[in-house]
Amino acid sequence: MIDFAIPAELAAERDRVRQFVIDKIVPYERDPRLTAHGPTDELRQELVELARAEKLLTIQAPVELGGRGLSHIEQAVLYEAAGWSTLGPVAMNCAAPDEGNMFLLSKVANAEQVERYLRPVIDGHQRSVFAMTEPNGAGSDPNQLATEATFDGENFTINGLKWLITGADGAKTWIIMARLAANPHLPEGPTLFMCDGDNPGIVIERVMNTMDRNYVGGHAVVRFDNLVLPKDSVLGETGQALRYAQLRLAPARLTHCMRWLGAAERTQAIAIDYAKTRTAFGKTIGEHQGVSFMLADNEIALHQCRLTIWHACWLMDQGEKARHESSIAKSFVSEELFKVTDRCVQVLGGIGISDETVVEMIFRDMRAFRLYDGPTEVHKYAIGRKILR
């Protein structure tokens, strides 16, 4: 049986989240601490305390770690509501990369790592990083991982260069992917390591100038310069990093889609309000077929995106990995939501390219979303390989 009904309790919580974002978070969108490199950590902490006061902080975390243990479908409904403002997920501590990192650590980290690295992130007291992407190595193809770790039986030494490392500046919980070189002690291959962000072997060379500005700390170039870590710094097992990354990526692709669906809804609402009041050629622009058709196309796309997300979430809630369906969702939703936002810019005309509304900012952020957690082309490649087997 197919049931699209949202339970009354979940619907009420969705409405509460949306109202919280509108009343408490939207006013911060003009705060100077929302910089070209994203919200400052000072702004993040202020927003986090607002969510904490409403008992809306890190609601997705496992129950045993203080969260509500939300299902994927429940996340879809509530993250969409949170995404009404790009600062909503930051406040509620369900923004990338922390949300995906918390999911991974809750599945793989040992008890000591949970207390040292995961719990402070869940509590909103510190941020986390997933350091994989490299200028000439790992990216869409993680098999090209160039950062290397050596092991002498007691300590690991990591050297390499990463870039586009989201939130690196100021983050305290670090997950680092490096290729463990052949050694007589442990299995070699791509491995995840845990460490503190203040380790002197982590050198943040610069924060890159990018078109998006919704992630705390922006995106950095990071060099690992003889980063020495003890044997117990391994996350999970050595040689298994790519498997763990896949464990993280399928849900993370979908949570991106959930949050950006909420942001696209916001741009549609702004465009509709404008179309009802702006006049041209003797009537409101919404009465002109060209504008009404754009808004109708947006409504259709938003509905299709929501159903696509829900289906993949439903599969995961049934215990499926849903890698194929999450790839479909990521490629489809990211492209369609970008079109939605682009049409909203067009409806708004001149003010659409200004900062008179948040549509311009969301448009730039939405363009970047098409690349997060794998560009559309990589997902389509994976989809094509599966259907041609």
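The values are calculated or read from the model by the stated rules, or taken from the named source; none is laboratory data. Source: prediction; values computed, not measured. Backbone-built Cβ (ideal geometry, glycine too); neighbour counts: all protein chains shown. Surface accessibility is based on the protein's heavy atoms, side chains included, excluding ligands, DNA and RNA. Shrake-Rupley method; radii C 1.70, N 1.55, O 1.52, S 1.80 Å.
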Among (1) among the polar types (S, T, N, Q); (2) farther than 20 Å from Pro97 by Cα; (3) crowded, with 20+ Cβ neighbours inside 10 Å - the single one Gln346 does not satisfy: (3)
Verdict on Gln268 being assigned to a helix (DSSP H, G or I), in contact with a helix residue (DSSP H, G or I) (Cβ under 9 Å, 6 or more places away or on another chain), more than 21 Å from Gly100 (Cα to Cα) and open to solvent by 60 Å² or more (accessible area, probe 1.4 Å): no
Selection from the range 38-53 of residues that are buried (at least 19 other Cβ atoms within 10 Å of the Cβ) and either of a type in the set (Gly, Ala, Ser) or at pLDDT below 95 (or both): Gly38, Ala51
Residue satisfying condition, being farther than 23 Å from Leu227 by Cα and either surrounded by 22 or more Cβ atoms within 10 Å (Cβ to Cβ) or acidic (Asp, Glu) (or both), within set Ser71, Ser85, Ser140, Ser128: Ser85
Matching option when the condition is in contact with a strand residue (DSSP E or B) (Cβ under 9 Å, 6 or more places away or on another chain) and either more than 22 Å from Gly201 (Cα to Cα) or at pLDDT below 95 (or both), among Leu118, Leu145, Leu105, Leu56: Leu105
Scope the range 211-235; condition more than 23 Å from the chain's Cα centre (by Cα) and hydrophobic (A, V, I, L, M, F, W, C); matching residues: Phe224, Leu227, Val228, Leu229, Val234
Subset of the range 278-329 that is of a type in the set (Phe, Trp, Tyr) and assigned to a helix (DSSP H, G or I) - its residue that is least open to solvent (accessible area, probe 1.4 Å): Trp310
Residues of the range 212-248 that turn out to be surrounded by fewer than 20 Cβ atoms within 10 Å (Cβ to Cβ) and in contact with an Asp or Glu (Cβ under 8 Å, 6 or more places away or on another chain), as a count: 7
